[in-house]
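Engineer: Here it is: the structure, laid out below.
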Amino acid sequence: MTRKNGVIAVRRAPGSGTRGILAAGSLRIPCALGRTGTTIFKREGDGATPVASMALLSAWHRPGRMARPAARLPIRRTRPGVDLWCDAPSHPAYNRYVRAPFSASAESLARADRLYDFVVVLDWNISARARHRGSAIFLHIAREGFPPTEGCIAVAPRDMLRLAPLLAPRTRLVVRR
């Protein structure tokens with residue numbers, strides 16, 4: 001990635017539909033992709049990572065769990081028991097940040113595992129939102145060994161810290177087939 005064009009590219013790794021390679025400038029970072037690979041027909045719950053060009057909108061950081069990455073995005077502090085992301089397609093807040101208590105289905109942004117210790121919100125189905133097109137497509141921390149995600153892109157914590165200075169409001173994350 002050059003600072004001029006602001007593109008982070010993700011492609012599938014050779015021989016794997018659920019692992020990828022994230023390229024940003026001279027960085028080549030292994031990443032996990034969705035459990036059903038990538039798709040151009042993203043649907044809620046399909047487990048696929050959307051093939052798309054997505055703006056980086058903002059980020060969430062959970063203090064005390066990892067160093068705060070030096071991203072140039074707006075970063076909010078994650079609060080356990082408060083910060084959620086609505087994944088209920090029939091709810092008006094679908095694919096939006098919400099606060100607890102919340103009556104519809106929602107995912108906690110303060111997970112017990114480390115996946116959302118730092119999470120970047122990607123503009124998938126947010127600016128132009130449609131029901132059932134998929135929610136909570138993020139760039140986040142990977143599990144040990146890079147098992148598949150539910151549709152997100154996930155990298156190792158140390159790689160997120162290396163990548164963070166390149167994460168800015170005009171940067172686009174492009175997932176290729």
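Engineer: Would you pick out the residues in segment 13-32 that are within 11 Å of Ile153 (Cα to Cα) and not β-branched (Val, Ile, Thr)?
Structural biologist: Arg19, Gly20, Leu22, Pro30, Cys31, Ala32
Engineer: Select from segment 155-177 the residues that are among the aliphatic types (A, V, I, L, M) and in a loop (DSSP other than H, G, I, E, B) and write down the one among them that is surrounded by the most Cβ atoms within 10 Å (Cβ to Cβ).
Structural biologist: Per the criteria, the residue is Leu167.
Engineer: Among the residues in segment 158-167, are any more than 15 Å from Ala24 (Cβ to Cβ) and not acidic (Asp, Glu)?
Structural biologist: no
Engineer: Across segment 1-25, which residue is modelled with the lowest pLDDT among those that are of a type in the set (D, E, K, R) and farther than 19 Å from Gly47 by Cα? Walk me through it before giving the result.
Structural biologist: Filtering segment 1-25 down to residues of a type in the set (D, E, K, R) leaves 3-4, 11-12, 19.
Subset that is farther than 19 Å from Gly47 by Cα: 3-4.
Working: Arg3: 46, Lys4: 50.
Among those that are of a type in the set (D, E, K, R) and farther than 19 Å from Gly47 by Cα, it is Arg3.
Engineer: So, in segment 130-145, of the ones that are in contact (Cβ under 8 Å) with a residue 40 or more places away in the chain and under 21 Å from Val174 (Cα atoms), which residue ends up surrounded by the fewest Cβ atoms within 10 Å (Cβ to Cβ)?
Structural biologist: Checked segment 130-145; the qualifying residue surrounded by the fewest Cβ atoms within 10 Å (Cβ to Cβ) is Arg133.
Engineer: If you don't mind, there's one more thing I want to ask. Any residue at all in segment 47-62 that is crowded, with 17+ Cβ neighbours inside 10 Å, closer than 19 Å to Phe118 by Cα, of a type in the set (Gly, Ala, Ser) and touching a Ser or Thr at 6+ places or on another chain (Cβ under 6 Å)?
Structural biologist: no
Engineer: Sticking with this structure for a sec: Name the residues in segment 1-29 that are surrounded by 16 or more Cβ atoms within 10 Å (Cβ to Cβ), within 23 Å of Ala71 (Cβ to Cβ) and not aliphatic (A, V, I, L, M), would you?
Structural biologist: Across segment 1-29, the qualifying residues are Gly6, Arg11, Gly20.
Engineer: Still on this model: Residue check, Val82 against (1) of a type in the set (Val, Ile, Thr); (2) farther than 28 Å from Arg12 by Cα; (3) touching a residue at least 40 places away in the same chain (Cβ under 8 Å), all met but one. Which one?
Structural biologist: Exception for Val82: condition (3).
Engineer: Out of the residues in segment 30-46 that are aliphatic (A, V, I, L, M) and buried (at least 20 other Cβ atoms within 10 Å of the Cβ), which is farthest from Ala136 (Cα to Cα)? Don't jump to the end; show me each part of the working.
Structural biologist: In the first step, residues of segment 30-46 are kept if they are aliphatic (A, V, I, L, M); the result is 32-33, 40.
Pick out the ones that are also buried (at least 20 other Cβ atoms within 10 Å of the Cβ) and you get 32-33.
On the way: Ala32: 15, Leu33: 14 Å.
Once the filter is applied, the top-ranked residue is Ala32.
Engineer: Does Ser90 meet the test of being more than 14 Å from the chain's Cα centre (by Cα), of a type in the set (Ser, Thr, Tyr), assigned to a loop (DSSP other than H, G, I, E, B) and under 17 Å from Pro50 (Cα atoms)? Reasoning before the result, please.
Structural biologist: Working: more than 14 Å from the chain's Cα centre (by Cα): yes; of a type in the set (Ser, Thr, Tyr): yes; assigned to a loop (DSSP other than H, G, I, E, B): yes; under 17 Å from Pro50 (Cα atoms): no.
Answer is no for this residue.
Engineer: For segment 80-129, what are the residues that are surrounded by 15 or more Cβ atoms within 10 Å (Cβ to Cβ) and at positive phi?
Structural biologist: Asn95, Asn125
The values are calculated or read from the model by the stated rules, or taken from the named source; none is laboratory data. Everything numeric here is computed off the predicted structure, so don't read it as measured data. Reconstructed Cβ throughout: ideal geometry from the backbone, glycine too, with neighbour counts over all protein chains shown.
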